[in-house]
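Everything below concerns the one structure shown next.
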């Protein structure tokens, strides 16, 4: 009996050993075969903090700072970790009420209970101080520093653009962006986003169960540093830009000035404009809606996106094409026959130069007729096709009807009708010169953007070639700038220089000779060459002027557009352009009264309360 | 005198002492790591938990030495006195004790807290050994069974009244002792079957389970070599079916909600990582993330950053699992198994019945703590808050286990003396 009982020790030993073995097997599965627990432990204790790089700065052509960054803080929350929260204190510090608190928490929960989402954005350094002091009390909350854009001179909103938070589309398109990141939304900020934004880094910190930071993970071995964005050195001349904006402050329209030799944009105004600081930080939302709903559309970049009829400035291009085609000679004369097309009172032009000077409509009616039909009565129907195709091609060589590749987003092409277009429009090809003659004087189907007009001025100034207008000259650091090599190609029109010289002379006379249409653009010591335009439109005509100066060594070429101004190109656009030229070349404007008048008077017809009905292509 | 003392130290089972010291050392290291704070890393800072544990270890070693030096007969002779004393303490703690974590099981004396239930196990072990070692005691007799169960049940009920269910469950371990002393093995099987049925009844459809029981019993009745009585089989079937069908009632009415939660979490019927399953979940993450070699001393993020609650007491095994990995934690398990097997071996070489029974008591108490505690941290058993012997932080637990073990080692020293 005793013996059997004594053997029971083996049963007990067996049980003890069995439990030990079961536990070791369990350990084997927990620790060795399953590595998901390691990830879970990391998710507990590791916090991935994004290191935001400083966005690149933007300087003007003389090194003046146009855009810089200012430090602000985002208060982030990880809903899962929020515990024992003193809601009252938090609300008081952040300056919200309990309902806002609850709705923000709900929103954060909806996004993710594990991942951080921003609770309060863009708290200024001053406001953040008291919050930081108490931050350790708020489990699950932490701060993330960010930078905001500031514009010390409040100018060039359409060039610089603005930065905003990424939307779903941005995230979908590029996985680099995470919710809450900033991205350039317009202007250079958008076009040069990749260069300006730099590269985000990430820092892994250890946190304890109360979400207190406990130092870096593995001595920062897995941290990546943020790489700051590169600076942009742009061609804008801050002084000139400010001046141009002051001229346009109460008007609608645009000024685009180019340095003809380089294609560098010197100033770029689309009016009405706004202070770019309005679209920064917490005030952004409301201001954006105000600007969006403003009837004058300040957000709309007229210089790139408004397709205007070019009006008479187009005549310069017409004349060059006709000369190059050989359908007219420099001395061809046409009578000012108002039965063909209306004109103002002036003697008939006896040559191309005079026609440009006087901007004679019937003259260019004839010129365009020759281009399209080559004046051959038998074959004119067939010839129209070839004539138009040739014309279309030449126009595109001058940058019309094609997208000029400026380094800004959302550039319109303008419109130069081609045979395909008319064949579609007049089904079966029932079109000829008489249906399209409005193009001759820059009306009709043609549409150009102010940038293309300024480019035409640059082409004339260069006597036949242009470099695509652009903004950025250099990238990178002050010390090691990299030249922007994208814009070094000369685009040739292949029209001989001697014809362009005629255009230059004509444009000189426009400003300097009796009978010229832009006598108001004359500056005493600068030889300005210009061409007026009066673009017919709904409401008052637009006042248009292109010019360049000085005549023999052009340093600036520009286009000025004043919407719905009373009077033609010579009355508003030309004097404004001359002020810009004087400011740029002489650094100082001597004609003070003249300047005062054009700065103060607003010639633009008030906009009707209802928006314009979109223009149709056919007049 | 000198000579006698010399033989005491010579006859002491140093293997067991070594295992004991090893566990105490591992315990201290783990407590140090669990409460480690870079700003206060002095080892002897008595304001910290590891500093205090250091004092408890010193006290324990002192008491262990004293126990070894006391005459072995002292314990068997005074066992009823100790038993009575600690029963009174258990009653007293019900009256004037301090409530912590829902259990009223502590005496606060100054800044020290004493938990009488830790010592009640020891006293019960002494009393039970005394009862069963009486002359001509036979486990088969009803009277013996009655006394034995009485000795176990009184402290168990008192502990249960303190609302310390975990410590009360520990008293079930004496069934192993009774088994060794001749309790019918069917009781052990019966007990095992009840636990199994309870779990199965919660996991699978009860009627399916009744069907399975029927099939097993039928097969057993028809094909077992030793023929079972038809009526006994039928009775067993009916009883187990009733049991299975009443499990739900018991589960919903007899258990408290946190106990139900813990069982449901264990059986995977409830998932609430932030609530009731937080402890177990974080504990498993801690152990699981240790991998094969562990994250290294003081490198465990789960324990160092307090993701695991009770990480220096009931969940101390997490720290070991996280920092020392599979290698370290299976070593700890191995040490426990070796210790327990060693204790059985020592018990079997006793000549005195008291010493032998007491030896089994010691092994069984360590076993039940070991099983429940480690099983709980690995998510194999429901959360039952009892300490891991020699390792968990706590003076009462360490001192009680030390006395428990060293009384037996003292008996073992004198095993060759006349009883």
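Just so you know, all these numbers are worked out from the coordinates, no wet-lab data involved. Note that the structure is predicted; figures quoted are calculated from it, not measured. We place every Cβ from the backbone using ideal geometry, glycine too, and count neighbours over all the protein chains shown.
Working from Cα pairs under 8 Å separated by at least six residues, relative contact order for chain B is 25 percent. By the count of neighbouring beta-carbon atoms within 10 Å, fewest first, A:105, A:188 end up ordered A:105, A:188. Each label point was placed 7 Å from the Cα along the Cα-to-Cβ direction; for residue A:488 and residue A:35 their separation is 5.0 nm. Here r is the Cβ-Cβ distance between residue B:94 and residue B:349 and R0 is 41 Å; the resulting FRET efficiency, rounded to 0.05, is 0.55. In the calculated pair distance distribution of segment B:337-419, what percentage of Cα-Cα distances lie above 20 Å? Of all Cα-Cα distances in segment B:337-419, 38 percent exceed 20 Å. Go ahead and run the numbers for FRET between residue A:11 and residue A:80, Cβ-Cβ distance against an R0 of 45 Å, rounding to 0.05. According to the calculation, E is roughly 0.40.
For the pair segment A:131-150 / segment A:536-602, the C-alpha centres are spaced 51 Å from each other. Expressed as a whole percent, how much of the Cα-Cα distance distribution for segment B:187-254 exceeds 19 Å? Of all Cα-Cα pairs in segment B:187-254, 34 percent lie more than 19 Å apart. Take the Cα of residue A:222, go 7 Å toward its beta carbon, and the backbone nitrogen atoms of segment A:15-45 under 16 Å from that spot belong to A:35-45.
Remark: mean inter-chain Cβ contacts per residue of B:185-194 equal 1, using a 10 Å Cβ-Cβ cutoff to other protein chain atoms. How much of the DSSP beta bridge set in segment A:47-232 is antiparallel, as a percent to the nearest 5? Close to 95 percent. Calculated on the Cα set of segment B:202-346, radius of gyration then Dmax: 22.0, 62 Å.
Subtract the Cα-Cα distance of residue A:70 and residue A:4 from 0.36 nm times their separation in residues, and report this length gain in nm to one decimal.
Length gained, residue A:70 through residue A:4: 15.0 nm.
Shielding of peptide B:374-385 by partners, expressed as the average count of other chain Cβ atoms within 10 Å per residue Cβ, is 2. For the pair residue B:196 and residue B:293, the difference between a 0.36 nm per residue extended length and the Cα-Cα distance amounts to 31.4 nm. The listed peptides A:555-566, A:300-311, B:148-159, ordered by packing as a protection proxy, come out as A:555-566, A:300-311, B:148-159 (highest mean of other Cβ atoms within 10 Å first). Shown here are the Rg and Dmax of the Cα trace of segment A:243-358, at 21.0, 64 Å. Comparing Cα centroids, segment B:292-359 and segment A:47-65 end up 57 angstrom apart. Compute log10 of I(q)/I(0) for chain B with the Debye formula, placing one identical point scatterer on every Cα and leaving out solvent, at q = 0.06, 0.09, 0.12 Å⁻¹, to two decimals. Treating every Cα as an identical point scatterer, log10 I(q)/I(0) equals -0.27, -0.62, -1.09.
Working note: 222 nm ellipticity from helices only, DSSP H runs with n ≥ 4, each -39,500 (n - 2.57), summed and divided by the residues of chain B, gives -23000 deg cm²/dmol to the nearest 500. Rounding to the nearest 10 and keeping the result within 0 to 90°, find how far the Cα-based axis of helix A:314-325 lies from the longest principal axis of chain A. Long axis of A:314-325 versus the principal axis of chain A: about 70 degrees. Round to the nearest 10 and give me the degree value, 0 to 90, for the angle of helix A:573-586's Cα axis relative to the longest principal axis of chain A. Its long axis makes an angle of about 70 degrees. Quote the Stokes-Einstein diffusion coefficient, in whole µm² s⁻¹, for segment A:1-91, based on the Kirkwood radius over alpha carbon pairs, a temperature of 10 °C and a viscosity of 1.306 mPa s. Taking Rh from Cα pairs, D becomes 75 µm²/s. Dividing the convex hull volume of the alpha-carbon atoms in chain A by its residue count gives 235 Å³ per residue.
From the P(r) of the protein assembly as shown, could you give the percentage of C-alpha pairs in the tail past 58 Å? For the protein assembly as shown, the fraction of Cα-Cα distances above 58 Å is 45 percent.
Volume per residue for segment A:200-279 equals 168 cubic angstrom (convex hull of Cα atoms).
The helix-only estimate of mean residue ellipticity at 222 nm for chain A, built from DSSP H runs of length n ≥ 4 each weighted as -39500 (n - 2.57), is -10500 deg cm²/dmol after division by the residue total.
Using the Kirkwood radius over Cα pairs, work out the Stokes-Einstein diffusion coefficient for segment B:264-368 at 4 °C and 1.567 mPa s, in µm²/s as a whole number. List each step's numbers first, then the result.
On the way: Rh = 15.6 Å.
Here the translational diffusion coefficient equals 83 µm²/s.
With all pairs of different C-alpha atoms in the average, the Kirkwood value for the hydrodynamic radius of segment A:356-456 is 14.4 Å. Coordinate range of the alpha-carbon atoms in segment A:462-619 per principal axis, descending: 51, 40, 36 Å.
Hydrodynamic analysis of segment A:403-532 uses the Kirkwood radius over alpha carbon pairs. Inserted into Stokes-Einstein at 4 °C and 1.567 mPa s, it gives a translational diffusion coefficient of 72 µm²/s. In chain A, the longest principal axis of the Cα atoms and the axis of helix A:98-111 are about 90 degrees apart.
Antiparallel beta bridges, as assigned by DSSP with both residues in segment A:238-600, represent about 95 percent of the total such bridges. Peptide B:338-347 has a mean shielding of 3, counted as Cβ atoms of other protein chains within 10 Å of each residue's Cβ.
Two decimals is fine: what's Rg over Rh for segment A:238-600, C-alpha atoms, Kirkwood radius as Rh?
With Rg and the Kirkwood Rh in hand, the quotient comes to 0.98.
Rg over Rh for segment A:32-187 works out to 1.04, both radii taken from alpha-carbon positions and Rh defined as the Kirkwood radius.
Is any residue of segment A:144-171 close enough, with backbone N under 20 Å, to a label point placed 7 angstrom from the Cα of residue A:275 along the Cα-Cβ axis, and if so, which? The answer is A:148-164, whose backbone nitrogens lie closer than 20 Å to the label point. Ordered from longest to shortest, the equivalent ellipsoid semi-axes for segment A:475-568 are 31, 20, 15 Å, each the square root of 5 times a Cα gyration tensor eigenvalue.
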